[in-house]
1. Taking Met189 as the residue in question, decide whether it is more than 18 Å from Arg225 (Cα to Cα) and buried (at least 18 other Cβ atoms within 10 Å of the Cβ).
2. Please determine, by comparing only the residues of the range 149-184 that are touching a strand residue (DSSP E or B) at 6+ places or on another chain (Cβ under 7 Å) and part of a helix (DSSP H, G or I), which one is nearest to Leu230 (Cα to Cα).
3. What do you reckon, is Ala148 loosely packed, with under 14 Cβ neighbours inside 10 Å and outside the structural domain of Asp30 (by TED's automatic domain parsing)?
4. Test each condition in (1) crowded, with 19+ Cβ neighbours inside 10 Å; (2) part of a helix (DSSP H, G or I); (3) under 22 Å from the mean Cα position of the chain (by Cα); (4) modelled with pLDDT of 95 or more for Arg252 and report the one that comes out false.
5. Before we move on, is Tyr139 free of Cβ contacts under 8 Å to residues at least 12 places away in the same chain and buried (at least 16 other Cβ atoms within 10 Å of the Cβ)?
Amino acid sequence: MASERDHKPEAPGDGPGEGTVGKALAVLDDIAARGRPVRFAELLETSPFPKATLYRFVQVLTRQGMLSYDPERQTYAPGLRLVRLAHAAWQASSLAPIARPHLDRLSRATGETVHLAQLDAGQVLYVDKRNAREPVAMYSQAGKVGPAYCTGVGKAMLAYLPEAELAPVLQRQAWHPFTPKTITDAASMRAELAAIRARGHAFDDEEHEPGIICIAVPILTRAGRVLGALSVTSTTARTSLEGLTEHLPEIRRAVEAIGDEAQDWRFPDQAAE
């Protein structure tokens, strides 16, 4: 199974001109991505910053409440201020609050795992999830970041990006072969995206994790702007891609409802779309 750090997006601060704020956010990203409290020495082992610079960033982030420090264990972890900001962002920017009842209905109707995702810096951010009646262990969890090029939700969103947005996103993909079925180059991916646009939905045919398959549909505004994607996920032991297509009517009803509600929530000044 793929590890979380395999999917870590390019850190803020890597781009030119982002300065001190970008570098501090890169430190915060590093700590958050580890998924556990971390000692300063561990951070220093992989940090691109000198010891004194890294220490200064960590201290500032701690004083500002973005990190918390455990003096007994001498470890740092995301702080409560960051938790509050994350919750506010989830409420204001995530599709999750709007999508919640639709995910619940889709989960009850299919009995399978349901994912809600959005694009974040060219990667997939899972913003909500419903487990199957018989849960299956898999990488995806709400809050995790995954690859766009080998997940159903990722490909569904990529397929509907305008070329000006798609080209740089494809350049950012790692193209790591997670399984023998993973697409590993941009040219092949463009052919796949064309097929997705033609049929209106995407598949993950064991491209990210062996035995895990899904069908995904993008969530769009009335003008075709990509807001996110919704998928129904299962296993090859339980069903097939053809079997998953039986859920398309329910999935499409859900994405249309989410898209309509999000249209008025996120783009109220574009009612003509």
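1. Yes, satisfied.
2. The extreme case among them is Val153.
3. No.
4. (1)
5. Considered against the rule, which asks whether it is free of Cβ contacts under 8 Å to residues at least 12 places away in the same chain and buried (at least 16 other Cβ atoms within 10 Å of the Cβ), Tyr139 comes out as no.
Every residue, every condition in (1) more than 27 Å from Glu256 (Cβ to Cβ); (2) surrounded by 21 or more Cβ atoms within 10 Å (Cβ to Cβ), yes or no:
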site: Arg105; (1), (2): no, no
site: Arg108; (1), (2): no, no
site: Lys144; (1), (2): no, no
site: Gly152; (1), (2): no, yes
site: Ala156; (1), (2): no, yes
site: Gln171; (1), (2): yes, no
site: His176; (1), (2): yes, no
site: Ala195; (1), (2): no, no
site: Asp204; (1), (2): no, yes
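The values are calculated or read from the model by the stated rules, or taken from the named source; none is laboratory data. Fair warning: this is a prediction, and the values are worked out from it, not measured in the lab. Neighbour counts are summed over all protein chains in view; Cβ atoms, including those assigned to glycine, are modelled from backbone coordinates with ideal geometry.
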